[in-house]
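Asker: Questions regarding the structure given below will be posed in turn.
The values are calculated or read from the model by the stated rules, or taken from the named source; none is laboratory data. Keep in mind the model is a prediction, meaning the values are calculated, not measured. Neighbour counts are summed over all protein chains in view; Cβ atoms, including those assigned to glycine, are modelled from backbone coordinates with ideal geometry.
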Amino acid sequence: MQVLIVEDEPLAATHLTLLIKECDQDVEVLDVLDSVDGAEAWLKSNSHPPLIFMDVHLGDGICFEIFKRVPISSFIIFTTAYDQYALQAFKVNSVDYLLKPLTRENVSDALMKYQKFSKKKDDLVLKPDISKLLDTIQNIPSQYKERFVVKVGAHIRPVYTKEIACFYSHEKASYLLTQTGRNYLIDFALDKLQDMLDPKKFFRISRKYIVSLSAIEDVIVQGPSRLKIKIVAGTNEGVMVSRERIKEFKCWLEG
């Protein structure tokens, strides 16, 4: 069987590939794509495989944009870091989901579900109802995180998201920086935080930074594909927007 992987995190893509092989050595991974644009181009120029593993959040947008641009005949298994409140959105027809972090057990279960549905002759069962999926997701009530609990010496205190300038990773740990210049260690990886925060207020500009719209003091153009952001309470040097995220970042700024 042939599968396609759409995943923007290289380590996550490698991990998923290994898990798939552990579950079924006969599976051939045709390609690993890391963006909406890349997936669109590939699907327009290649025969669609029977199965695609697709991450919801990609470097240049949400994977559902792909379905708006190209008809997909494959069975889709989404991978997602959404909290439990959103998981119902993925239970649409034969669409399955894997909640990160991925394990051999949930990959194996998903592959068995695919095998079960692929034997059915009813096209309505075989093909995911993407329009219904999009409908469901758009109608999910907003439940974004409003505060984080941090440790201050022997005490703990809440930090409200409106107080936060950015989240960043350093030496395999995650931190938040408040708009008053205080740094706190937190327990959530940036991949997880990305799904917990209101996307209208926070944007992941790179693998290491998620910034708050209200904390951006200045955006400096440093070339055709270079943007630097000055953040309230941040360093004088500023932080760079990843090249592949500049287009989406500009759209986010416009609202």
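Asker: Could you list, in sequence order, all residues of segment 25-45 that are in contact (Cβ under 8 Å) with a residue 12 or more places away in the chain and either aliphatic (A, V, I, L, M) or surrounded by fewer than 15 Cβ atoms within 10 Å (Cβ to Cβ) (or both)?
Answerer: Within segment 25-45, 26, 27, 28, 29, 30, 31, 32, 33, 36, 39, 43, 44 qualify.
Asker: Still on this structure: Go over the candidates 229, 246, 220 one by one and state the one that is without any contact (Cβ under 8 Å) to a residue 40 or more places away in the chain and under 18 Å from residue 57 (Cα atoms).
Answerer: Result: 246 is the single residue among 229, 246, 220 that is without any contact (Cβ under 8 Å) to a residue 40 or more places away in the chain and under 18 Å from residue 57 (Cα atoms).
Asker: Can you name every residue in segment 200-214 that is outside any helix (DSSP H, G or I) and either buried (at least 18 other Cβ atoms within 10 Å of the Cβ) or touching a residue at least 40 places away in the same chain (Cβ under 8 Å) (or both)?
Answerer: 200, 201, 202, 203, 204, 205, 206, 208, 209, 210, 211, 212
Asker: Still on this structure, I have one more. Within segment 220-234, track down each residue that is of a type in the set (A, V, I, L, M, F, W, C) and within 25 Å of the chain's Cα centre (by Cα).
Answerer: Answer for segment 220-234, where residues must be of a type in the set (A, V, I, L, M, F, W, C) and within 25 Å of the chain's Cα centre (by Cα): 227, 229, 231.
Asker: Next up: Do we have any residue at all in segment 72-93 that's under 21 Å from the mean Cα position of the chain (by Cα), charged (D, E, K, R), surrounded by fewer than 17 Cβ atoms within 10 Å (Cβ to Cβ) and at pLDDT 70 or above?
Answerer: no
Asker: Considering each of 237, 217 in turn, give the residue that is part of a loop (DSSP other than H, G, I, E, B) and surrounded by fewer than 20 Cβ atoms within 10 Å (Cβ to Cβ).
Answerer: On inspection, the qualifying residue turns out to be 237.
Asker: Let me ask something additional. Regarding residue 6, is this residue closer than 15 Å to residue 244 by Cβ, within 20 Å of the chain's Cα centre (by Cα) and either surrounded by 17 or more Cβ atoms within 10 Å (Cβ to Cβ) or free of Cβ contacts under 8 Å to residues at least 24 places away in the same chain (or both)?
Answerer: yes
Asker: Right, something else. Applying the selection to segment 159-199, what residues are in contact with a Leu (Cβ under 7 Å, 6 or more places away or on another chain) and part of a loop (DSSP other than H, G, I, E, B)?
Answerer: none
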